[in-house]
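Chemist: Here it is: the structure, laid out below.
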Amino acid sequence: MLNPIKSLPNCRIQPPKSSNNLKRLRKDPNAIRLEVRHEEIETIFRIVPKRFFDNVLELGAGDGVQSRLISKYSTNLLSTDLNQERLIQQYDPRIDYDICDAENLKYASDHFDLIYSSNLLEHLPNPKKAILEMKRVMKDSGLMIHVVPNRFWKILHLGLFYPHKMLTLIEFALFGAKNSSKSMNNNLKSNRSSSSLLGRRLWPKTHGEYSGHIEEFISMGKPFWLQQFEDCDLQCVGLIKGLPAHSPYRFGINPLRKLCEYIGLSSCNGYVVTTTNNVSQYENLFEFK
């Protein structure tokens, strides 16, 4: 049975942005993150009619900003995350909230028309277990959409690390303080050991649940995830066209981002997935590569 936490008018809201961000060479990283998340949802659902899906489950919703965008296309949306300190429960009559583990879903089988995740699967210790759980709670006629960082994102993750560090040092020299924006823990179940302070300054740690950067680069490729879905008796019916290009460092250079998108580069792959024995009624609602 569903056991969601109903959103309330007095739920926790986002703190105001610090005015210190105006004194930086870069835009507010959080503002860039929100811009990219909006672009992602608009790209994926651009030809989907409003209120098209009845029951929608979003996993790894983070602070819930995408939930409020997806809700335009659903009648009932369940927004979930493992970290209750991260999930902001903003009142919306079409949204319920819950704290849940994507690898152990507590919901009834054959219930959801759409299951959506963005930047979740790569953070799970056992993504195949999570995919099987999603398959269980999804209707046979339903579908999943999973947005996962790709190899272009990984190249930017490694290649822009030192430019990012240099710009951070310049900002510190000019303004005397680090950017006030703080990142939240992506996965409370992470098995990775924390790297030393010196190690984090010299080289980035892996983004997801991988033993090293080579494994992560391989796992961010399309063949890896297509195999994961196939092993769960699911099929990828297409990859979403035109997803945003961005780096983890959020430099805010929009002309360069738009140039990458113009030539066909994006930082994530958006997989549209159904059961293998089902020709979903939803397949024609998305623009595929």
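Chemist: So how do 41-53, 109-121, 238-250 stack up, highest first, on mean other-Cβ count within 10 Å?
Modeler: Values: 41-53: 15.7, 109-121: 21.9, 238-250: 19.6.
Those peptides, ordered most packed to least, come out 109-121, 238-250, 41-53.
Chemist: Treat the count of other C-beta atoms within 10 Å as a stand-in for reagent exposure and order 203, 225 from fewest to most. Mind dumping the intermediate values first?
Modeler: Working: 203 12, 225 23.
Sorted ascending by nearby Cβ count, the order is 203, 225.
Chemist: Here is a follow-up. By counting other Cβ atoms within 10 Å of each Cβ, how are 58, 230 ranked from fewest to most?
Modeler: Values: 58 27, 230 12.
By the 10 Å Cβ count, ascending, the order reads 230, 58.
Chemist: Note down the nm distance, to one decimal, between modelled labels 7 Å out along Cα→Cβ at residue 72 and at residue 99.
Modeler: 3.1
Chemist: If r is the Cβ-Cβ distance from residue 166 to residue 34 and R0 is 22 Å, what FRET efficiency results, to the nearest 0.05? Kindly include the intermediate steps, with their values, before the conclusion.
Modeler: Details: r = 26 Å, r/R0 = 1.16.
According to the calculation, E is roughly 0.30.
Chemist: Taking neighbour counts of Cβ atoms within 10 Å as a proxy for exposure, in what order, fewest first, do 141, 79, 211 appear?
Modeler: Exposure proxy ranking, most exposed first: 211, 141, 79.
Chemist: If you take every residue apart from residue 241 with its C-beta less than 15 Å away from the C-beta of residue 241, what net charge results, scoring Lys and Arg +1 and Asp and Glu -1? Present the calculation step by step, with values, prior to reporting the outcome.
Modeler: Details: positive: 46, 222, 289; negative: 39, 40, 42, 261, 283, 287.
Once positives and negatives cancel, what remains is -3.
Chemist: Hey, rough spin-label estimate for residue 227 and residue 213, points 7 angstrom out along Cα→Cβ, what's it come to in nanometres?
Modeler: Result for the modelled spin labels: 2.3 nm.
Chemist: Modelled label-to-label distance, residue 284 and residue 47, 7 Å Cα→beta-carbon offset: nm?
Modeler: 1.0
Chemist: Let me check I've understood the local charge: for residue 278, count other residues with C-beta under 12 angstrom from its C-beta, Lys and Arg +1, Asp and Glu -1. What total comes out? All intermediate terms of the calculation are to be shown ahead of the outcome.
Modeler: Numbers: positive: 135, 139; negative: 140, 233, 283.
Summing Lys/Arg as +1 and Asp/Glu as -1 gives -1.
Every number in this text was worked out from the coordinates using simple rules, so none of it is lab data. For clarity, every value in this text was computed on a predicted model and none was experimentally measured. Every residue, glycine among them, receives a Cβ derived from its backbone with ideal geometry; neighbour counts consider all protein chains shown.
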